[in-house]
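**Q** Please read through the structure below; I'll follow up with questions.
The values are calculated or read from the model by the stated rules, or taken from the named source; none is laboratory data. Quick caveat, the model's predicted, so the values are computed rather than measured. Heads up, the Cβs are rebuilt from the backbone with ideal geometry, glycines too, and the neighbour counts pull from every protein chain shown. Just the protein is used for accessible areas: all its heavy atoms, side chains included, with ligands, DNA and RNA removed. Shrake-Rupley method; radii C 1.70, N 1.55, O 1.52, S 1.80 Å.
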Amino acid sequence: MSTRLSEARLAALPAGVGRPGYDRAAVTPGIVHLGLGAFHRAHQALMTEAVLEAGARDWGITAASLRSPETRDALAPQDGLYTVAIRQDETERLQVVGALRDLLVAPEDPAALLTAMESPSVRIVSLTVTEKGYCHDPATGALDEAHPDIRHDLANPAAPRSAPGFMVEALRRRRAAGIAPFTVLCCDNLPANGHTVRRIVTRLAALRDADLGHWVAGEVAFPSTMVDRIVPATTPEDRARIAAALGLEDAWPVICEAFCQWVVEDHFPTGRPDWAMAGATFAADVAPFELMKLRMLNGAHSALAYLGGLRGHTTVAEAAADPVVARYLEGLWAEIAPSVPAPPGVALEEYAAALLARFRNRALRHLLAQIAMDGSQKLPQRLLGPVRAALEAGRPIPHLALAIAGWMRHVAVAPDLRDPMASALRAAAGPGLSDPPRLVDGLLGVSAVFGDDLPRRPAFRTALLDAVHRLRGRDGNAALG
Ligand code: CS2
C-alpha cells in the first residue's frame, strides 16, 4: 500500500495538483458543519478553502457526522485533508482541500459537538444532512413531533441525536451564556430551505420552552440558499485512479462536475466568509433560483431515477445520452417550466439545455439508484409542486404523472426500498402493479407525501392510473417512447 496523504506529504504532491498554500495551523473554526458527506466537501468546503487561501484565518470548519464514523475514520489519519476531483468527460483536475480543521462524530460524543457549537468564535452552523435529517413532514414542512429522534431529543436534551436537537440545545446554551446566536445555513434541497428550517427549529425550541421558542424566532438568522453541484458517490476505481495521480493514498476523495452554483440570501448578523470570491452569489431573494433548481434539475433527476432503469440504464449519463429519454426530459421540462418564475437573467430553455449537457457528462458515474433513495422526502418539492401548479391551470401532465407512477412502481417492486417511510409505503402499495387502482389510491393516501389536497384531484388520479397502465405494458420500456 502506498503512503497516505497528510499535511507532511503536501510538498510531495505532483505539480499539477492544487493544495493548501496557507498555514493550516493558524486557522480557527468559524463554522460548524453538520453532515460530513461528499456534497459538503465538494461544495461549501471547497468554496471556504478559496477564502482561506485568500488570507482569512477565522473561517475554518469543524465538521461533524451525525451518524457513522466512516468519513472521520478515513480523513483523521490524513489530517482532515482530502482530494476533490473535478471531472468533465475526459478531463480531471485534482485539488487537495485543507478547510476541515476538526472532525467529530456526534453519536460518539454529543457533548463535544455541543461544545464546538457553543464556542463564541463559531458564527455559522451549516448543514447538509439530506432531506430526512430535518425530522419534518415533507408535505407540510412542519416538525414531525412523533419522530423517534425528536422524542429522544426532548427527553434527553443534553445528548441529542437529530440536527434540530443539536441546534436547539446549542442555541439555548449560547443564550444562557450571553453569546450571540450562530446563523443557521441550510444547504439541503428543501423547499424555501431557510424558512422551512426556521419553522422546524423554532417549533422544537418552543416544545422545550416557550420563551426559548420566541427567542429563536426573533434572534436567529436562517438565510435561504440554493446549492448546486452534481457529486456522485466515490467508487473504488476513483480511489485507485486518484491515488495513482497523487502518488499518495487518499482513503476518501470526492468526485464532482465542474459546474458549481451557490446562491445565498445575505443575512448573516454575526458575519460570514467572503464566498463571493469563490463564485457564490449573494441575493436578496433566493426563492426563484431555488424553485428552478429543485423543479428542473432535481425533478428531472428523480424522474430519471424511477424511469431510466426501464430502458436498461444504471447511470444518469447513460440515460441522458439515450434519445428516447432525452425526448421524455424535454416533455417533462415543458410541463415543469410554467411553474417556475425565471430568476433575473435566466432563460429557462437555456437552463434546461445546460442541464441535459451536465447530465451527459461521461466522467460521472452517478447511479440512478443513489438518486432513487428517499423518494418520500423528495417528491413533494421536486415533482408535486409543478403538478399542483399545472392542475390549477388545467394543463395536462402526462410526463410528470409518468415520473410519479415510476416512483409508485419503484415502491412496489424495489427489492430493497431505501426510504425512511419504507414500511408505510410498502403497506400502502398493496399488491403493487397487479392492481393499478389499489396501488395509486393506496399511495395517494400517504398524506406526508401527497398532502390532503392531491388525492381529491380526479384529474391527477386519472393521469396516474393511465401512467401506471403504460408502465405495465410489455416491459414498461414503451411508456417512455
Ligand atoms: C440528486 C441531488 O441525489 C439526488 O437526489 O438529485 O443530489 C443532485 O445531484 C444535486 O442536488 C445537484 O445539485
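**Q** Looking at Ala180, Ala170, Ala158, which one is in contact with an Asp or Glu (Cβ under 7 Å, 6 or more places away or on another chain) and open to solvent by 40 Å² or more (accessible area, probe 1.4 Å)?
**A** Ala158
**Q** Is there a residue in segment 415-429 that is hydroxyl-bearing (Ser, Thr, Tyr) and at pLDDT 95 or above?
**A** To start, the set of residues in segment 415-429 that are hydroxyl-bearing (Ser, Thr, Tyr) comprises 423.
Imposing the further condition that a residue be at pLDDT 95 or above reduces the set to 423.
Yes, segment 415-429 contains a residue that is hydroxyl-bearing (Ser, Thr, Tyr) and at pLDDT 95 or above.
**Q** Write out, first by first residue and then by second, each pair whose Cβ atoms fall under 6 Å of each other, whose residues are 6+ apart or on separate chains, and whose first residue, in segment 437-459, is at positive phi while the second is crowded, with 17+ Cβ neighbours inside 10 Å.
**A** Gly451/Ala139
**Q** For segment 225-248, indicate whether the set of residues that are more than 30 Å from Ala11 (Cα to Cα), outside the structural domain of Tyr351 (by TED's automatic domain parsing), open to solvent by 20 Å² or more (accessible area, probe 1.4 Å) and touching a Pro at 6+ places or on another chain (Cβ under 8 Å) is non-empty.
**A** no
**Q** Show me the helices (runs of 4 or more DSSP H) entirely contained within segment 416-455 in which 3 or more residues are under 19 Å from Ala372 (Cβ atoms) and open to solvent by 50 Å² or more (accessible area, probe 1.4 Å).
**A** Result: 422-429.
**Q** Which numbered condition trips up Pro431, out of (1) more than 14 Å from the ligand (Cβ to nearest atom); (2) more than 26 Å from Cys135 (Cβ to Cβ); (3) touching a residue at least 60 places away in the same chain (Cβ under 8 Å)?
**A** Unmet for Pro431, out of (1) more than 14 Å from the ligand (Cβ to nearest atom); (2) more than 26 Å from Cys135 (Cβ to Cβ); (3) touching a residue at least 60 places away in the same chain (Cβ under 8 Å): (3).
So that you can scan it fast, the table gives a plain yes or no per residue for (1) assigned by TED's automatic domain parsing to the domain that holds Arg172; (2) open to solvent by 10 Å² or more (accessible area, probe 1.4 Å); (3) at pLDDT below 95; (4) closer than 29 Å to Pro157 by Cα:
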{"residue": "Pro29", "(1), (2), (3), (4)": "yes, yes, no, yes"}
{"residue": "Phe39", "(1), (2), (3), (4)": "yes, yes, no, yes"}
{"residue": "Ala42", "(1), (2), (3), (4)": "yes, no, no, no"}
{"residue": "Thr48", "(1), (2), (3), (4)": "yes, no, no, no"}
{"residue": "Ser65", "(1), (2), (3), (4)": "yes, yes, no, yes"}
{"residue": "Val84", "(1), (2), (3), (4)": "yes, no, no, no"}
{"residue": "Glu90", "(1), (2), (3), (4)": "yes, yes, yes, no"}
{"residue": "Arg93", "(1), (2), (3), (4)": "yes, yes, no, no"}
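**Q** Could you list, in sequence order, all residues of segment 332-390 that are open to solvent by less than 40 Å² (accessible area, probe 1.4 Å) and part of a loop (DSSP other than H, G, I, E, B)? Before the answer, list the steps.
**A** Start the filter on segment 332-390 by keeping residues that are open to solvent by less than 40 Å² (accessible area, probe 1.4 Å), which leaves 332-333, 335-337, 339-340, 343, 348, 351-352, 355-356, 358-359, 361, 363-364, 366, 368, 371-372, 374-387, 389-390.
Within segment 332-390, Val340, Pro343, Asn361, Ala363, Leu364, His366, Asp374 meet the criteria.
**Q** Something else: Might you check whether a residue that is over 30 Å from Leu383 (Cβ atoms) and either in contact (Cβ under 8 Å) with a residue 12 or more places away in the chain or not aromatic (Phe, Trp, Tyr) (or both) occurs anywhere in segment 192-205? First the steps, then the outcome.
**A** Of all residues in segment 192-205, those over 30 Å from Leu383 (Cβ atoms) come to 205.
Checking the rest, the ones that are also either in contact (Cβ under 8 Å) with a residue 12 or more places away in the chain or not aromatic (Phe, Trp, Tyr) (or both) come to 205.
Yes, that holds for at least one residue.
**Q** Let me ask you something else. Here is a check on your reading of the model: is Ala363 over 30 Å from Arg461 (Cα atoms), of a type outside the set (D, E, K, R), within 16 Å of the ligand (Cβ to nearest atom) and touching a residue at least 60 places away in the same chain (Cβ under 8 Å)?
**A** Yes; evaluated as a whole, the condition is true for this residue.
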